[in-house]
1. Order 229-241, 170-182, 50-62 from most to least packed using the mean count of other Cβ atoms within 10 Å.
2. Ignoring everything except DSSP H segments at least 4 long, calculate the 222 nm mean residue ellipticity for the chain; use -39,500 (n - 2.57) per segment, divide by total residues, nearest 500.
3. List the equivalent ellipsoid semi-axes of the stretch 251-310 in whole Å, largest first, each obtained as the square root of 5λ for an eigenvalue λ of the Cα gyration tensor.
4. Under a 10 Å cutoff between Cα atoms, tell me which one of 142, 133, 167 has the largest fluctuation in the Gaussian network model of the chain.
5. P(r) for the stretch 8-322, please, calculated from all Cα pair distances in 20 Å bins and given in %.
6. Under 10 Å, Cα contacts only: if you run a Gaussian network model on the chain, which one of 290, 31, 268 comes out with the highest mean-square fluctuation?
7. May I have the extent of the alpha carbons of the stretch 71-206 along their three principal axes, as whole Å values ordered from largest to smallest?
């Protein structure tokens with residue numbers, strides 16, 4: 001191991017360690033969820049981000065929570081929510097539909113919001129969060145708030161009308177929005193070359209008149225740097241940036257997907273580019289972290305997750321009688337003919 005080299009991107013040694021912690025937490029939390037899923041303790045689907053942890057963590061880390069920056073993740077961006085302050089306990093409760101989950105068992109996986117911590121749960125219609133975040137960042141500009149929004153979109157969702165409408169509106173209005181295009185190879189089972197004619201997604205930026213940037217999505221520091229540049233530009237009034245991150249989805253669309261459509265050798269080739277393994281090598285080779293420091297972070301993650309699982313695994317599901325709680329703001333007036341109470 002050589003002497004310590006200058007840390008890039010203006011980050012501190014502690015922040016480099018925090019990036020590792022957040023990536024390790026993301027992967028280990030999903031591994032816990034796989035174990036629970038196989039025990040039928042997870043309700044609904046389980047969507048892994050294996051191989052994409054650097055995307056979610058590196059991009060969200062470039063935001064400034066103290067300024068009120070906000071993001072909207074996709075189903076494989078659990079790491080971005082952990083950066084913003086979501087806890088493993090919340091995520092576990094949510095996946096298991098517990099009564100104490102953020103949505104009280106009414107929604108699953110990472111479909112939950114916390115405006116105070118700066119994340120808006122996505123909806124399942126892919127591409128639709130781009131116009132939603134365009135509207136949110138328009139409100140920032142109208143209120144003259146120095147806030148930035150960040151939204152994730154996949155290669156398949158970039159072929160939807162919702163993406164086009166949201167992107168076009170945000171570009172014309174020069175909104176403080178960063179659009180992260182995750183090129184992970186597949187839209188469910190459809191390879192990118194079967195659903196769009198461009199070789200790279202960043203080429204689409206020119207059609208909207210906005211800057212386009214591309215980075216290695218498996219290099220967390222490269223992801224952070226390109227996103228920080230776009231965030232600073234948006235905050236300064238420069239408008240939208242489209243960032244393409246080149247990565248790979250090493251698990252199927254969800255745990256039920258056996259990936260039979262993946263060519264032989266492709267998974268192994270991308271496993272050799274694993275973002276966590278790559279970052280560990282970089283930290284140790286550049287003398288930014290001692291092996292003992294990384295081991296301590298691993299142990300911290302292990303203890304936090306064991307504690308979270310123990311806290312919620314045997315918690316109850318919601319009381320069925322609570323299903324209507326919060327559906328109506330207040331009971332309507334009794335004289336309204338269309339309303340019939342449950343007691344009628």
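1. Packing proxy ranking, top to bottom: 50-62, 170-182, 229-241.
2. Mean residue ellipticity, 222 nm, calculated: -12500 deg cm²/dmol.
3. Numbers: eigenvalues 171, 90, 6 Å².
Each semi-axis is the square root of five times an eigenvalue, giving 29, 21, 6 Å.
4. Maximum fluctuation in the GNM of the chain, among the listed residues, is at 142.
5. 33, 60, 7
6. Looking only at 290, 31, 268, the biggest GNM fluctuation is shown by 268.
7. Answer, in whole Å and largest first: 46, 42, 22 Å.
Computed from the coordinates by the stated procedures, all read-outs in this text should not be read as laboratory data. For clarity, every value in this text was computed on a predicted model and none was experimentally measured. For neighbour counting, all protein chains shown are included, and Cβ atoms are generated from backbone atoms with ideal geometry for every residue, glycine included.
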